[in-house]
Amino acid sequence: CPLCGFEALHPNGFYTAHVRVLNGVEMPTVIDLHKQRWRCHNCYPTVSAKTPLVQPNHTIAAHMTERIMKLAHERLPVKTIARIIGISASSVQRIIDQNLKLRPARRLPTRLCFDEFRSTHGMMSFICLDADSHHLIALLGDRFNRTIKNFFIAHYSLAERTRVQTVTMDMNAAYQTIIHEVFPKAQVVIDRFHIIQLAARALDQVRVQALKQLDDKH
Ligand SMILES: [Zn+2]
């Protein structure tokens, strides 16, 4: 008995699980898995036989995870993976989410870039890159200062954070208020792209105003 260690278990019928498995062709395949149930006469509860094919209470075979992750690494859309594997897109997404290990970089580069982007459900997410190599440093589900601050403080020591010299961002970012708390030595750098954009916009406004003042409409 896996619960109390009692030596003898008594058969207690079968439970049939329908397990989705891989089959090599693009067709959903289900195995009807008859699991032997056992009852312990010492501690009384019933237990099920286990198999490496599928985790207890799961209906998707364990070997599918590996295949799904491999296809996801090839950047196939979730819907395509779902069609190849023969399970629903939401199951594929759940398996990817559960098995995706986004480990933060061990060391911080001296120059960082911060930005935000629209991700799922119209949410804004936060992204941080190494400004020189453009390698991903962090990807966070939201862009709240609290989340960003907690992430860097939880993953990097003060000594490591002190090494950061510059953080590049756009002008309307609210991150500026936490930069000096998180990276004591860092200077905030406004991305030159945004400065050029502002200058171009200002020039354009002046140009349009000047045009409107002209009497000659041609
Ligand atoms: Zn028992």
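The values are calculated or read from the model by the stated rules, or taken from the named source; none is laboratory data. The shown structure was predicted, so the numbers you read here are calculated from the model rather than taken from an experiment. Neighbour counts are summed over all protein chains in view; Cβ atoms, including those assigned to glycine, are modelled from backbone coordinates with ideal geometry. Ligands, DNA and RNA are excluded from the accessible area calculation, which covers all protein heavy atoms including side chains. Shrake-Rupley method; radii C 1.70, N 1.55, O 1.52, S 1.80 Å.
For this structure, a couple of remarks:
- Using a probe radius of 1.4 angstrom, the carbon and sulfur fraction of the accessible surface of region 1-103 is 54%.
- Residues of the chain: accessible area per residue with a 1.4 Å probe, Å²: 69
- Carbon/sulfur fraction of accessible area - region 111-194, other protein chains in place, 1.4 Å, %: 55
- Two-decimal ratio, region 111-194, of alpha-carbon radius of gyration to 2.2 N^0.38 Å: 1.02
- Across the chain, Cα pairs under 8 Å and at least six residues apart give a relative contact order of 11 percent.
- Building the convex hull from the alpha-carbon atoms of the chain and averaging its projection over directions returns 22.1 nm².
- Exposed trypsin sites (Lys or Arg not before Pro) absent - longest run of the chain, DSSP non-H/G/I/E/B, at most 16 other C-beta within 10 Å: 108-162
- Cα-based radius of gyration of region 9-99 once divided by 2.2 N^0.38 Å, which approximates compact folds: 1.32
- Longest exposed-site-free window of the chain, the sites being GluC sites (Glu not before Pro) in a DSSP loop that have at most 13 other C-beta atoms within 10 Å: 75-218
- Whole-angstrom gap from region 177-205 to region 137-154, using each part's C-alpha centre: 20
- Summed over qualifying helices (DSSP H, 4 residues or more, each -39500 (n - 2.57)) and divided by its residue number, the chain shows a 222 nm mean residue ellipticity of -10500 deg cm²/dmol.
- 30 Å Cα-Cα threshold exceeded, pairs from 79/101; 70/149; 79/149: 70/149; 79/149
- Look at the alpha carbon pairs under 8 Å that are at least 6 residues apart: their mean separation over the length of region 9-99 gives a relative contact order of 26 percent.
- Kirkwood Rh, Cα atoms: Rg over Rh of region 46-121: 1.12
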